[in-house]
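Working notes, structure below.
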Amino acid sequence: MSELKRIPLAGVIGSPIAHSKSPRIFRHWLTELGVIGHYVPMDIASVDLNDALRYLPKLGFVGVNITIPYKEHVLNVADQVSDRAAVVGSANTLTFLADGKIYADNTDGYGFTENLRHGAPNWKASDGPAAVLGAGGAARAVIASFIEGGAPEIRLANRTRSRANALQREFGTKVKVFDWVQAGNMLEGAATVVNATSLGMVGNAEMRIPLDGLSRDAVVTDLVYAPLETALLEHAKSIGCQTVDGLGMLLHQAVPGFERWFGMRPVVTEPLRSAMLI
Ligand code: NAP
């Protein structure tokens, strides 16, 4: 069979992988757009990862998403790294190029911004100071997109302060670190508030932060999407803030990979959101 007539294959690599929602997102779009292609979850051991990534294109794979625990490691395997993946220090979208090279990109920040743009149509990163809770991998992508979007200041608090300090050193003086126990103080005058910790996720403790100083004009978003309405979002909504849940980020971050691999730009729709909640 000639290379051109091959049915394009894509997938998601992680370990474990059974929990991943990416196959459902991609299969929804493949069906909706009538694209002939397949998307498969792959649980690959770390010792086999580099060989697998070099071999997958020979099997007809055009690209793969990467999830925990390989998002940082794959930057070492890639031949080309996008600016945003380099800034964030990890990749979630690998494209196998025609010349055999691997191109690594990180679309988490794109997904974050697009989710807010759709969920709160008047929102802009540059509206005012951003308050970010958490300093893990997701927080890095969030901070990078606030900087790219022109936020005047990014206030950051993390349980382990040294990780927040490290991000401050990396991202520069726009980032101001606050003590975790006084995180409520950083909400005064904030235009956007982001929970980028795993607090609030099913099975974890809730994110409890006093919202007294928060303006009713602020937009509050949670990266956690299970449950869809976290206690933080519920509280913020009850005081009149606009809230945006984390599911849209997951959906929007998948758009660039789908378009690159299957040649059509998919749309994040209400039916897709509903399909993810079943
Ligand atoms: P990560 O790198 O493991 O970072 C976890 C973060 O949560 C750290 O800041 C950590 O603080 C904090 N944390 C964990 N347990 C805590 C506790 N008991 N009290 C206070 N802080 C706690 O994870 P990640 O990749 O950044 O992901 C963070 C969250 O975002 C997860 O819930 C993930 O599912 C979600 N996420 C969502 C999307 C989406 O598309 N919606 C995308 C990426 C991530 P320490 O540094 O002190 O440990």
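The values are calculated or read from the model by the stated rules, or taken from the named source; none is laboratory data. These numbers were taken from a predicted model, which means no experiment stands behind them. When we count neighbours, we look across all protein chains shown, and the Cβ atoms used for this are built from the backbone with ideal geometry, even at glycine. These area figures cover heavy atoms from the full protein model, side chains too; ligands, DNA and RNA do not enter into them. Shrake-Rupley method; radii C 1.70, N 1.55, O 1.52, S 1.80 Å.
At a glance:
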quantity	calculated
Condition broken by residue 63, with the remaining ones in (1) open to solvent by less than 80 Å² (accessible area, probe 1.4 Å); (2) out of contact with any Ser or Thr (no Cβ under 8 Å at 6 or more places or on another chain); (3) in contact (Cβ under 8 Å) with a residue 60 or more places away in the chain satisfied	(2)
Filter result (within 13 Å of the ligand (Cβ to nearest atom) and surrounded by 19 or more Cβ atoms within 10 Å (Cβ to Cβ)) within segment 120-143	132, 133, 134, 135, 138, 139, 140, 141, 142, 143
Residue that is nearest to the ligand (Cβ to nearest atom), among those in segment 240-261 that are part of a loop (DSSP other than H, G, I, E, B) and in contact with a strand residue (DSSP E or B) (Cβ under 7 Å, 6 or more places away or on another chain)	246
Residues of segment 176-213 that turn out to be under 13 Å from residue 156 (Cβ atoms), within 14 Å of the ligand (Cβ to nearest atom), part of a loop (DSSP other than H, G, I, E, B) and of a type in the set (A, V, I, L, M, F, W, C), as a count	1
Residue match in segment 158-176 (condition: surrounded by fewer than 18 Cβ atoms within 10 Å (Cβ to Cβ) and modelled with pLDDT under 95)	no
Some residue of segment 222-232 being within 11 Å of the ligand (Cβ to nearest atom), in contact (Cβ under 8 Å) with a residue 60 or more places away in the chain and either open to solvent by 10 Å² or more (accessible area, probe 1.4 Å) or basic (Lys, Arg) (or both)	yes
Residues being of a type in the set (Asp, Glu) and over 15 Å from the mean Cα position of the chain (by Cα) - total across segment 84-141	2
Meets criteria (out of contact with any Gly (no Cβ under 8 Å at 6 or more places or on another chain) and in a loop (DSSP other than H, G, I, E, B)) for residue 264	yes
Search result, residues across segment 8-56 that are part of a loop (DSSP other than H, G, I, E, B), open to solvent by 80 Å² or more (accessible area, probe 1.4 Å) and touching a residue at least 24 places away in the same chain (Cβ under 8 Å)	16, 18, 36
Residue identified as closer than 24 Å to residue 222 by Cβ and acidic (Asp, Glu) among 108, 79, 48	108
